[in-house]
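What follows is a set of notes on a single structure, which appears directly below.
The values are calculated or read from the model by the stated rules, or taken from the named source; none is laboratory data. Fair warning: this is a prediction, and the values are worked out from it, not measured in the lab. When we count neighbours, we look across all protein chains shown, and the Cβ atoms used for this are built from the backbone with ideal geometry, even at glycine. Heads up: the accessible areas ignore ligands, DNA and RNA and are worked out on the full protein's heavy atoms, side chains in. Shrake-Rupley method; radii C 1.70, N 1.55, O 1.52, S 1.80 Å.
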Amino acid sequence: MIIRTGREFEVLILVLMIVYFVYWVMQSMGGKTLPTLRNFPAIDAIEEGVGRSVETDKPVHFGLGDASRLGGDRAAGTISALNFLSHTATLCARMGANLIVRISPNPHLYAQADAIVSDAYAAEGKQDELDKVYTLRYYGDYRGYMTGGIRDMVSLGTAMNVTMGALSVETVWAYAICRAQGGIGVGGGSRWGMIFGLAMLADYALLGDEMYAASAKVSGDTDMAASFIGGDWMKFTLIGLTILTSLAYLAGAQDLVSWMFN
């Protein structure tokens, strides 16, 4: 049998998930108007922090995540971080703020960061103002990433620290130093075990799916947005089924409840 006896409800949920995803992706690919993703205070905070950088003449520090890499289970969080790097670099180029990018200990991200920052400055007509030696900082291993990042944040000052991607101990030291320097801390992490640092120390945190949804919003990637809309439809469906099951249980329809949760 293709479908195991007693697992019909799980198959129904899987089919609904696929239908929602395919429908909204097709809407996106067809150029149809999609529901608007809600605004995230963290996005507005990045623009505020860039403005503070200009006013105080202190740089914006952007950390790509000390555990980020373009592979495995950390790829999605890293891609989201790169979208935020593009957004932050564009604002810095437009407003004339100094930008420092802490590049993850994984060296393959250096070329990605270089291309993204260069494109952002070129799009604003400010490529002549980009000093890559000053802006792009690769410290080597994890210890160098931490000590070098702390040194730069303290010695150069910190108007804002944005750290996105797959995070480890950076959730603690980067925001602690930023707070001690009087800067604005904005962050998002794809590793659930490190969310506690963002919740405690970041002024604006994107937790869980929020980082991915906010990444889709700042990048304007409609295909990414479509996947989240499909996911929200699935959540609404599950909420509706939970309510239906509760009512069925109260009404004594035990057969329906048993079929759904066998």
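Tabulated results
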item	result
FRET efficiency, residue 22 to residue 75 (Cβ-Cβ, R0 22 Å, nearest 0.05)	0.50
Placed amide H near residue 185: partners under 5 Å, 5+ positions off or other chain	161, 203, 204
Å² per residue, accessible surface of the chain at 1.4 Å	50
Degrees, to the nearest 10: 142-156 long Cα axis against longest axis of the chain	60
Using alpha-carbon coordinates, inclination of helix 41-56 to the longest axis of the chain, degrees	0
Within the accessible area of the stretch 180-262 (1.4 Å probe), percent carbon and sulfur	65
Carbon + sulfur, % of accessible area of the stretch 14-97 - ligands and nucleic acids excluded, 1.4 Å	59
Cα-Cα P(r), the stretch 138-262, percent of pairs per 10 Å interval	12, 28, 23, 17, 11, 7, 2
The chain pair-distance distribution - Cα-Cα, 5 Å bins, rounded %	1, 6, 12, 15, 16, 13, 10, 8, 6, 5, 4, 3, 2, 0, 0
Theoretical gain in end-to-end length, residue 221 to residue 169 [0.36 nm per residue, Cα-Cα removed]	15.7 nm
Dipole of the chain, positive end: most advanced residue of 199, 77, 169 [Cβ charges, Cα centre]	169
Residues of type lysines that residue 132 reaches as a straight line, Cα spacing below 19 Å, ignoring anything fewer than 8 places off in the same chain	58
